[in-house]
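The values are calculated or read from the model by the stated rules, or taken from the named source; none is laboratory data. A quick note: this is a predicted structure, and the numbers were derived from the prediction, not measured. Virtual Cβ from ideal backbone geometry, glycine too; neighbours counted across all protein chains shown. Ligands, DNA and RNA are stripped out before the accessible areas are found, and what is left, the full protein with its side chains, is counted by its heavy atoms. Shrake-Rupley method; radii C 1.70, N 1.55, O 1.52, S 1.80 Å.
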Amino acid sequence: KFAAFTMRSKQTRDMRGIEKSLYRGKFYNATSERKRLCVVERESEGFYDVVNPSGAYRGAYQVSSALARGATWMMLKEHKKLMGEANAKRVLAKLRSKPMNQWPRYWQDALFSTVANWDRTGSGLRHWAGGRWHC
């Protein structure tokens, strides 16, 4: 049921808008939510399916393919507990086979929180340090 929510629900298939995070797992932190909303606005204006002009950065958070791929491995342990080992492995392998701008909203939000708060709150925010304005 949870795997279906993350991949097929109406909320996760909505690729437009700056909204509250669909991810509320282990690495979600309310303190980082304001920063996350700012990054979404700055990087993609809330378009989860966007690709930058060079093609190097994709999705709401404008993430490189390497970071997206690495984040799927970072998210695996937590999602094994949330959706079962077989489902987690299947879903995350499916995500690795797609560019991030094709990932559902839940997974893009999960990537941001997991990377941003991996070691401690805000420890990975350096990935989004620059841009048109600072968040």
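Structural remarks
- Per-residue 3J(HN,Hα) values for the stretch 44-61, derived from phi via the Karplus relation 6.51 cos²θ - 1.76 cosθ + 1.60 with θ = phi - 60°, read 9, 6, x, 9, 6, 9, 7, 10, 5, x, 7, x, 7, 10, 9, x, 4, 9 Hz in sequence order (x marks Gly and Pro).
- Protection proxy ranking, peptides 40-52, 8-20, 87-99, average beta carbon neighbours within 10 Å, highest first: 40-52, 87-99, 8-20
- Accessible carbon and sulfur surface of the chain relative to its total accessible area, %, 1.4 Å: 52 percent
- Pairwise label distance in nanometres, GLU41 with PHE2, each label 7 Å out on the Cα-Cβ vector: 3.2 nm
- Across the stretch 26-76, the fraction of Cα-Cα pairs farther apart than 13 Å, rounded to a whole number, is 63%.
- Taken over the Cα atoms of the stretch 34-135, the convex hull encloses 93 Å³ per residue.
- Normalised per residue, the accessible area of the stretch 38-135 is 47 Å², obtained with a 1.4 Å probe and no contribution from ligands, DNA or RNA.
- Think of it as helices only: each DSSP H run of n ≥ 4 in the chain is worth -39500 (n - 2.57), and spread over all residues that comes to -15500 deg cm²/dmol at 222 nm.
- Cα-based helix-to-principal-axis angle, 65-83 vs the chain, degrees rounded to 10: 40 degrees
- Where PHE5, PHE112, PHE27 fall by accessible area, highest first, once all protein chains stay in place (1.4 Å): PHE5, PHE27, PHE112
- Phi angles across the stretch 19-30 convert, under the Karplus curve 6.51 cos²θ - 1.76 cosθ + 1.60 with θ = phi - 60°, into 3J(HN,Hα) values of 10, 4, 4, 6, 7, 9, x, 3, 9, 5, 9, 4 Hz, Gly and Pro given as x.
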